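Notes follow the structure.
The values are calculated or read from the model by the stated rules, or taken from the named source; none is laboratory data. What you see is a predicted model, and the numbers here were worked out from it, not measured in a lab. Positions of Cβ are backbone-derived with ideal geometry, glycine not excepted, and every protein chain shown enters the neighbour counts. Heads up: the accessible areas ignore ligands, DNA and RNA and are worked out on the full protein's heavy atoms, side chains in. Shrake-Rupley method; radii C 1.70, N 1.55, O 1.52, S 1.80 Å.
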Amino acid sequence: QGDPRSPGGGGIYLHGNCELYIEGDTQIINNKVLGYGNGGGIYCCFGGYVEMNGGVIHGNSTLLNGGGIYVDGTGSYEGEIHNNNVSTDDSFGAGATMVLNDGRISGNTAKGNGGGIYISGKTSTEVNAAQQVFRGGLVRMNGGVITANRADDQGGGVYLQADEAGDIGATFLMSDGALYRNIAGENGNGSTGAKDAGAE
């Protein structure tokens with residue numbers, strides 16, 4: 001729980017240039033991250049890649065962010081900085097990427113933000129000696145469905161984050177598919193921001 005190198009991923013954890021392909025009738029269901037950690041179903045970081053061509057991510061939960069999946073940016077890692085001494089073959093220079101072509105992300109919950117998907121923008125725009133530009137997480141939605149997810153704070157379906165002005169923040173590109181019936185803020189902390197948060 002207190003280890004910054006284990007920041008979540010109740011079902012699957014991808015670190016650094018790992019690839020995950022979800023096909024057919026695959027089910028990533030009913031996983032939990034308790035206490036410290038993000039990504040109830042999947043946590044993906046540092047150049048990791050998730051492609052969803054079918055299947056379902058359903059019923060996963062976290063006490064923090066990203067009930068279904070947490071797509072991390074780069075440059076920081078739950079408080080641990082990785083901007084120094086990045087070599088050309090080091091995945092710390094790239095944010096994680098998810099491509100959703102088909103399938104369903106549904107019924108996931110986050111006590112924080114991003115009931116379905118949390119896309120982190122924790123990053124730096126500086127170019128290091130290896131000429132890498134640090135960027136935030138990226139999700140491309142070409143199809144599929146994001147529905148019936150819940151965040152107690154903000155972004156019931158999808159939450160995009162950017163920490164500071166000048167950062168290359170999180171990116172969500174939607175060209176097809178459906179995003180509907182997600183809920184944000186209903187059981188939040190009572191703040192105006194939580195109550196007014198965008199459900200989708």
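Per-structure values
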| item | result |
| --- | --- |
| For LEU138, solvent-accessible area (1.4 Å; no DNA, RNA or ligand), Å² | 30 Å² |
| Pair ASN101, LEU34: separation of 7 Å Cα→Cβ label points (nm) | 3.8 nm |
| 1.4 Å probe accessible area per residue over region 4-47, in Å² | 47 Å² |
| Other-chain or far-sequence residues with amide H under 5 Å of LEU20's (modelled H) | TYR49, VAL50, GLU51 |
| Portion, in percent, of the accessible area of region 10-68 that falls on carbon or sulfur, probe 1.4 Å | 50 percent |
